[in-house]
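One structure is given below, encoded as structure tokens.
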There are 2 protein chains.
Amino acid sequence: MEKKTVVRIGYVGCGARGQGMLRECFAHMHDVEIPVICDLSEKRLLAASAILTDTGHDAPKMTRDWREVVADETLDAILFMNGWENRAAMAAASMRAGKYTGIEVGCAYDIRECWDLIDAFEETGVPVMMLENCCYGRREMMALNMVKKGLFGEIVHCDGGYMHNCRSVFTPSDIDPDVPNFRLESMERRNFHFYPTHDFGPISKVLSVNRGNRMLTLSSFASKARGLAEHIDTHLGADSPYAGMDVKCGDIVDTIITCANGETVHLRLDTTLPRPYYSRGFCVRGTKGMCTEDRRIIYLDGMAETMTENEPEFFEKYDHPLHREYVALGERGSHGGMDWLVSRAFIEAVKRGENTPIDAYDTAAWMAIGPLSELSIAHGGAPVDVPDFTRGRWLHREPVTAGKYCLDAVCEDPDTRIFDDLD
Amino acid sequence: MEKKTVVRIGYVGCGARGQGMLRECFAHMHDVEIPVICDLSEKRLLAASAILTDTGHDAPKMTRDWREVVADETLDAILFMNGWENRAAMAAASMRAGKYTGIEVGCAYDIRECWDLIDAFEETGVPVMMLENCCYGRREMMALNMVKKGLFGEIVHCDGGYMHNCRSVFTPSDIDPDVPNFRLESMERRNFHFYPTHDFGPISKVLSVNRGNRMLTLSSFASKARGLAEHIDTHLGADSPYAGMDVKCGDIVDTIITCANGETVHLRLDTTLPRPYYSRGFCVRGTKGMCTEDRRIIYLDGMAETMTENEPEFFEKYDHPLHREYVALGERGSHGGMDWLVSRAFIEAVKRGENTPIDAYDTAAWMAIGPLSELSIAHGGAPVDVPDFTRGRWLHREPVTAGKYCLDAVCEDPDTRIFDDLD
């Protein structure tokens, strides 16, 4: 595809996340134009438009119809920052319209949606990328860098989780009748790991899933669901619109994935019970070392055994070259840089006409975890098969080592990796 | 049964743990006599005998034949501190000989062994107790106390683990030809959670398993096994007797148990990879609060969210009355008191002629986790049924609240719980 100097984006979904990413990232990129924005809510559209005009952009066209955005022939790319419903179909339509497609994190509702993405990609060659920002988290990137350098030896197990007291997020006091509360609706009706990509995305990179490895089976287990109901009873009261809600989704959902190369992965969803801190529970275990978010410890075989947080020393030594560069050129965006970096990864791929560093196969595989976990839980924790979306190509696909946002590159001398085109 | 002032014990198994418990605990109890000790190794017998004579006891009779110990009519109780093989059969024989029976922690090899214990108990009424010291750990006891007081609300999930770099323990340099290396043999030939009671024992108490609750299903998953082989290669070398060992047991074994009351339990075995600290990963999650060993945090709903270790404050306020008493009367024994307390729990039950606080049903259920996890792993993580060793009686069995070592008692005023007969 042709190289571009400016990327014209259709922006679908102007809720909290959509507005945040505009405000913190996209509105500040000199090589990005956003001529059209889309949302079901007038209020949200106005807020998003204001973010753009306040930062010196022209007022965008506003629409409630995502199909209009897809049909706009002046656009290079579309970002779907909307809720989970129908997102795969929107993405597939966008790819079929020849537009680079980015989607926010989330799950499919059914495995068929993942195949729809793959079909669209294989038919058109147009890339789709889940904007999984945690793949660009400083800790996760350093771990990947250390894994690629072999410092942890052979990797045998990883942990991850989305452990975040979201009781208030799920039951907001400001209810907007124009937009569905897609998260709460899922909690009410479905029992599954509904948010698996913050945890599994970075692990997928560590384990080279879809590039030399793949997920084989997935088993999920849900505790009883008590936390949200008790939160509503205790904190919101009988007059709350949420009172008496019958929640199906277990408070703690544990998922175990087994991989073709013999690794196991443990994921945890933990969003509806009181807990004092946010954690992605990120942990990588190898034959020569480990890293663990929990105590912020890196341990290499032979080091004195310690209980002390030593992660900062390792950041100094083994920060991923991309993070090093990001800091050197000036920190921007939210969430410690990862929002900026994941956005740039997408934009740079569009500009260069290359595949995205999180590609269609990654996106489909990660989105599959939701419906697969639902199935396993419904069958009492029976292991379910994870589809091979690459149809066997994982055996020969190599890690991506070209492109500054590829993540997989190993760099001995970080200084040589400072690119001059980081915006 | 009659009450006793002195308990005469036959002591089977004088290895590291057997000697340690003699040296730290049993040899120092004024109401305990150990007239006979048993081991396959002459060297170990002599060492154990020396511990007794050095602490003012008569030299014990020594034998290599556990059947001789069982047949000794002068004994009140037998402690089996030996390896895992045949332990259930020994215990059943001991019970059938009318002797209170204690066994060290460990698993059955087959579910039938667990039923053998149950049969022996139900036929004879003679108690058997697994001396699971971690049930008497300060942290675990405080958590149980807080659970019983309702401070964590309804409990929905627990975590536990045996996370301990045991690579050197499994491959000792001093090989005693008289005694089998039962742990290494299991690592070599079997793929399972071989050490589940340090983690599950205290959780079983928290969840009232066998007394109002029970385990329904168990699923286990093993990572590839690389850690021990790499340790042998890297640290022991080609001349080591362990060189070239083909290990079957996965480095990380995760087990998920589902319970009749809807709780989930996650257990982890993690013994053959480099790691910088020992942990039992103990964590209790409820609708109103949680405790976690990992960051040593107790959190109750409504408290300010904090990352700071606050466990010590809670120890002051919610220490289990038994631990409080133990400290008040003078700390003794190893492992922060839990070895002493679990030993006293057994001895006191024998003296009073009462059932043991960890009883035949607990012992059988906990020992079952090993072979069940082996079965599940062999079937690709398929959930396996956990037998109901109580044959339905769990529905109506009440928590034990009598006897100072019962653990389940709730005590509003800890001072009233200071017993004068703690030795």
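The values are calculated or read from the model by the stated rules, or taken from the named source; none is laboratory data. It should be emphasised that the depicted structure is a prediction, and the values quoted were computed from it without experimental measurement. Backbone-built Cβ (ideal geometry, glycine too); neighbour counts: all protein chains shown. Just the protein is used for accessible areas: all its heavy atoms, side chains included, with ligands, DNA and RNA removed. Shrake-Rupley method; radii C 1.70, N 1.55, O 1.52, S 1.80 Å.
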Shielding of A:246-258 by other chains, given as the mean Cβ count within 10 Å, works out to 4
Neighbours of B:Gly18 by Cβ distance under 10 Å: Lys/Arg at +1, Asp/Glu at -1, summed charge +1
Hey, what did chain B get for relative contact order, percent, Cα under 8 Å, at least 6 apart? 22 percent
Only Lys, Arg, Asp and Glu count, each charged at its Cβ (+1, +1, -1, -1), so figure out the dipole size of region A:190-342 about its Cα centre, rounded to 20 debye. 560 debye
Distances in nm between the label point of A:Asp119 (7 Å along Cα→Cβ) and its equivalents in the other copies, shortest first, are 5.9
Within region B:1-20: backbone nitrogen closer than 19 Å to the B:Glu73 label point (7 Å, Cα to C-beta): B:2, B:8-10
With a 1.4 Å probe and all protein chains in place, put A:Glu122, B:Glu73, B:Glu113, A:Glu313 in order of accessible area, largest first. B:Glu73, A:Glu313, A:Glu122, B:Glu113
Out of all DSSP beta bridges with both ends in the protein assembly as shown, state the antiparallel percent to the nearest 5. 50 percent
Distance between Cα centroids, region B:234-262 to region B:326-342: provide it in whole Å. 32 Å
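Using the Cα gyration tensor of chain B, with a ≥ b ≥ c the square roots of its eigenvalues, what is the shape: rounded (a/c below 1.5), prolate (a/b larger than b/c) or oblate (neither)?
Working: a/c = 1.39, a/b = 1.05, b/c = 1.33.
It is rounded, given that a/c, with a ≥ b ≥ c, falls under 1.5.
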Counting Lys +1, Arg +1, Asp -1, Glu -1, what net charge surrounds B:Cys38 among other residues with beta carbon under 11 Å of its beta carbon? 0
Label geometry 7 Å along the beta-carbon vector: B:Ala328 inter-copy distances in nm: 6.5
Expressed in nanometres to one decimal, the distance between label points 7 Å along Cα→Cβ at B:Asp58 and A:Glu122 is 8.3 nm
Links exceeding 26 Å between C-alpha atoms in this model, out of B:Lys148/B:Lys317; B:Lys288/B:Lys404; A:Lys317/A:Lys404, come to B:Lys288/B:Lys404
Between B:Ala243 and A:Glu42, with labels modelled 7 Å along Cα→Cβ, what's the label distance in nm to one decimal, could you check? 8.2 nm
Quick check: the distance between the Cα centres of region A:266-286 and region A:166-198, to the nearest angstrom? 19 Å
GNM top mover of B:Ser220, B:Ser334, B:Ser240 - chain B, alpha-carbon springs below 10 Å: B:Ser240
Label point 7 Å beyond Cα of A:Leu216 along Cβ direction - residues of region B:367-406 with amide nitrogen under 19 Å: B:373-384
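Partner chain Cβ atoms within 10 Å, averaged over the residues of A:268-280 - can you pull that number for me?
Working: counts 3, 0, 3, 0, 2, 12, 14, 8, 15, 8, 2, 3, 0.
If you average over the peptide's residues, the count of other-chain Cβ atoms is 5.
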Determine the shielding of peptide B:369-376 by partner chains: average, over its residues, the number of Cβ atoms on other chains within 10 angstrom of each Cβ. 0
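For A:Asp110 and B:Ala304, what does the FRET efficiency come to when R0 = 25 Å and r is the distance between their Cβ atoms, rounded to the nearest 0.05?
Working: r = 42 Å, r/R0 = 1.67.
Efficiency computed from Cβ-Cβ geometry: 0.05.
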Answer rounded, prolate or oblate for region A:49-151, using the Cα gyration tensor with square roots of eigenvalues a ≥ b ≥ c: rounded when a/c is under 1.5, else prolate when a/b is larger than b/c, else oblate. oblate
For B:Lys99, list the lysines whose Cα falls under 16 Å from its own Cα; do not include residues on the same chain fewer than 8 positions away. B:Lys3, B:Lys4, B:Lys351
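What shape does the protein assembly as shown take by its C-alpha gyration tensor, where a ≥ b ≥ c are the square roots of the eigenvalues and a/c under 1.5 counts as rounded, a/b above b/c as prolate, and the rest as oblate? Present the calculation step by step, with values, prior to reporting the outcome.
Details: a/c = 2.45, a/b = 1.90, b/c = 1.29.
Because a/c hits 1.5 or more and a/b exceeds b/c, the protein assembly as shown counts as prolate.
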